[in-house]
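Trainee: My structure is below; once you've seen it, I'll send some questions.
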Amino acid sequence: MKKRSIRRSGIKYCKVVGDLGMSKYKLDNTYRAIVLGGSAGSFQGITKILSSIPDSFELPIIMCLHRLKHVRNGFVEALSIKSTKPVTEPYDKEKLKKGKVYLAPSNYHLCVELGNSFSLSTEEMVNNSRPSIDITLETAAYSYKKRLIGILLSGANKDGALGMKAIKDNGGLTIVQDPNECMIKTMPESALQATTIDHVLKVTEIIEFLIELDKNYK
Amino acid sequence: MWSINYYGNWIMHNIEITDLKRLTQLVKDNHGYDFTNYAMSSFRRRVNRILDLYNFSSVNGLIEKINTRPAFVEEVVNEITVNVTEMFRDPSFWREVRDHIIPNILLNHQSVNVWHAGCSSGEEVFSMAILLREMGIEGKVKLIATDLDNSILDKAKKATIPVKNMELNEKNYIRFQGSETLSKYYKEENGVAVLDPTLIENVSFRKHDLVRGGIFNKFDLVLCRNVMIYFNQNLQNEVLKKLHESLFKYGYLIIGSKESLIWCEIANKFIVVNNEEKIYKKIRD
């Protein structure tokens with residue numbers, strides 16, 4: 001608990017220096033993509049993030065969210081309604097583009113391919129999931145190495161923990177939603193056990209982080 | 001099996017692209033399988049899986065094993081290729097085949113030649129066989145199913161499915177709105193669902209490698225769903241040329257629901273019949 005209060009007071013302090021033009025999270029423009037994982041209890045947080053980032057947000061956001069396998073339609077539309085940017089489900093071999101928001105399609109794993117494109121896979125479920133967050137995060141980490149930011153939100157199983165570890169092992173930046181804020185905290189807590197997490201943030205702070213990050217790209 | 005193993009002891013080996021290139025070159029030069037143009041992200045994960053399953057510490061260990069026991073390549077091929085499949089996957093697609101595609105072909109033809117390219121353990125073939133029986137046109141349709149993996153073809157010919165998969169298959173069948181219940185087509189024996197053998201008695205299962213194999217027949221309908229996703233763009237272009245050549249003019253090509261011809265060189269020789277279900281029609285030779 002002590003850690004939390006330090007972190008939170010740190011944020012308040014930084015808010016002040018932020019106004020003086022200094023950055024709170026010491027970010028730069030070396031990142032090339034953001035991967036975002038979530039499961040049970042993450043939908044609200046995700047729509048909040050997607051509705052709060054500027055529509056000129058530069059980095060591609062690759063989302064892998066647990067979803068019903070047999071329902072192909074509807075989810076991407078539900079996410080798009082509130083989002084400042086359209087959300088699309090990439091086709092196999094689609095090129096990743098700046099400023100786009102992608103969602104892993106139902107019943108496929110979404111892999112990031114070397115050379116900035118996607119590959120889909122129907123292979124075995126991982127952590128009882130297809131799409132599996134571990135697969136998206138791990139393949140993205142392999143492609144982008146330290147130029148990747150991983151964010152993991154609320155969820156009821158440990159999918160994503162080893163993906164976050166892969167991101168950290170490759171030198172990337174890791175963020176989980178504050179377990180105290182999560183509807184179901186198993187997912188971020190598993191990631192905290194599996195690897196070093198750079199920031200434990202509430203959804204509003206994740207938004208703050210992303211907005212600050214984006215300023216480095218203007 | 002894999003997911004339990006994976007769940008408990010997920011180890012990502014440090015696999016470099018150069019390791020994968022040495023492996024694919026060896027298998028290509030000495031063993032007649034060509035994985036050099038597989039999509040790197042999923043191929044690396046499949047190799048990682050083999051290292052895990054057989055307890056190799058590195059790709060070098062795997063290469064040594066292949067060198068000392070060449071027959072091991074068959075097992076490698078079986079593990080590299082993804083053999084996870086469902087009956088009636090994407091039920092709305094199967095309804096489309098039943099209600100529009102096959103009736104359309106039969107408007108102009110007495111019989112229909114169908115190729116399941118990359119049939120894996122056969123679930124799509126079984127789905128098609130059931131669909132045809134329910135349409136009452138089994139006798140008019142010739143099914144050919146191919147895969148590059150001998151052991152998975154043997155499995156397909158046996159037409160047995162683990163009972164644990166049947167729940168999903170049943171659900172898909174209900175969404176497909178078949179005229180029976182799926183249980184009419186199989187009986188359970190020792191934990192496996194044994195399909196009615198008469199369903200596939202006229203299906204020709206053959207070994208064929210989409211990457212290295214040639215054109216062997218002409219078809220009215222080619223199903224190649226979620227097979228080319230494991231290939232890179234160059235290989236997709238090569239394979240699509242073969243699929244195109246294997247189709248009669250005005251024949252249908254069907255790919256997976258999240259595959260697309262948009263980036264493929266051959267796209268202008270097809271028109272989209274149904275974009276949602278990824279059904280294309282060949283309009284140019």
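Trainee: Might you report the magnitude of the Cβ-based charge dipole of the protein assembly as shown about its Cα centre, with Lys and Arg at +1 and Asp and Glu at -1, to the nearest 20 debye?
Mentor: Values: 69 positive and 59 negative charges, 272 e Å.
It comes to approximately 1300 debye.
Trainee: Return the lysines within reach of A:Lys69: Cα separation strictly under 16 angstrom, same-chain partners fewer than 8 residues apart disregarded; answer none if there are no such residues.
Mentor: B:Lys171, B:Lys258
Trainee: Any idea which of B:Phe270, B:Val112, B:Trp94 is furthest toward the positive side of the dipole for region B:91-282, if Lys and Arg beta-carbons carry +1 and Asp and Glu beta-carbons -1?
Mentor: Of the listed residues, the answer is B:Phe270.
Trainee: Heavy-atom accessible area per residue, region B:2-80, 1.4 Å probe: how many Å²? Working shown, then result.
Mentor: Values: 3570 Å² over 79 residues.
The answer is 45 Å² per residue.
Trainee: Let me ask something else. Output ³J(HN,Hα) for region A:71-78: one whole-Hz value per residue in order, computed from phi by the Karplus curve 6.51 cos²θ - 1.76 cosθ + 1.60 with θ = phi - 60°, and x for Gly and Pro.
Mentor: 9, 7, 10, x, 5, 5, 5, 4
Trainee: Taking the Kirkwood radius as the inverse of the mean 1/r across Cα pairs, report the Rg/Rh of chain A. All intermediate terms of the calculation are to be shown ahead of the outcome.
Mentor: Values: Rg = 16.2 Å, Rh = 17.2 Å.
On the Cα set of chain A, Rg over Rh gives 0.94.
Trainee: So for B:Glu188, A:Glu124, what's the accessible-area order with a 1.4 Å probe, most first? Please list the in-between numbers first.
Mentor: Numbers: B:Glu188 120, A:Glu124 35 Å².
Highest to lowest solvent-accessible surface, that is B:Glu188, A:Glu124.
Trainee: Let me ask something else about it. Round to a whole angstrom and tell me the spacing of the C-alpha centers of region B:79-109 and region B:188-218.
Mentor: Here the two parts' Cα centres lie 15 Å apart.
Trainee: Report in % the part of the accessible area of the protein assembly as shown that belongs to carbon and sulfur, leaving out ligands and nucleic acids; probe 1.4 Å. Each step should come with its number before you reach the end.
Mentor: Working: 10850 of 21260 Å².
Of the solvent-accessible surface of the protein assembly as shown, carbon and sulfur hold 51 percent.
Trainee: Still on this structure, I have one more. Which listed residue (A:His199, A:Gly45, A:Ile61) has the Cα farthest towards the positive end of the charge dipole for chain A, taking +1 on Lys and Arg C-beta and -1 on Asp and Glu C-beta about the Cα centre?
Mentor: Of the candidates, A:His199 comes out farthest on the positive side.
Trainee: Any idea of the total accessible area buried by the B-A contact, 1.4 Å probe, rounded to 100 Å²? All intermediate terms of the calculation are to be shown ahead of the outcome.
Mentor: Values: alone 14030 and 10640 Å², together 21260 Å².
So the total buried area for this chain pair works out to about 3400 Å².
Trainee: While we're on this one: Just to make sure I understand: if all protein chains stay in place, what is the order of A:Arg72, B:Arg175, A:Arg32 by accessible area at 1.4 Å, largest first? Please report the intermediate quantities before stating the final value.
Mentor: Numbers: A:Arg72 45, B:Arg175 80, A:Arg32 105 Å².
Ranked list, largest accessible area first: A:Arg32, B:Arg175, A:Arg72.
Trainee: To continue, here is another question. To the nearest 20 Debye, how big is the dipole of region B:91-282 about its Cα centre, given +1 on the beta carbon of each Lys and Arg and -1 on that of each Asp and Glu?
Mentor: Working: 26 positive and 24 negative charges, 92 e Å.
In total the dipole reaches around 440 debye.
Trainee: Which net charge results for the neighbourhood of B:Val84, defined as the other residues with beta-carbon distances under 11 angstrom from its beta-carbon, given Lys and Arg at +1 and Asp and Glu at -1? Don't jump to the answer; show the numbers that get you there.
Mentor: On the way: positive: A:Arg130, B:Arg89; negative: A:Glu123, A:Glu124, B:Glu86, B:Glu123.
The answer is -2.
Trainee: A further question follows. Pick out, from B:Ile50, A:Ser143, B:Asn14, the residue whose Cα sits farthest towards the positive end of the charge dipole of the protein assembly as shown, with +1 on the Cβ of Lys and Arg and -1 on the Cβ of Asp and Glu.
Mentor: Value: A:Ser143.
The values are calculated or read from the model by the stated rules, or taken from the named source; none is laboratory data. Quick caveat: nothing in here was measured; it's all calculated off a predicted structure. Heads up, the Cβs are rebuilt from the backbone with ideal geometry, glycines too, and the neighbour counts pull from every protein chain shown. Just so you know, the surface numbers come from the protein's heavy atoms only, side chains and all, with ligands and any DNA or RNA stripped out. Shrake-Rupley method; radii C 1.70, N 1.55, O 1.52, S 1.80 Å.
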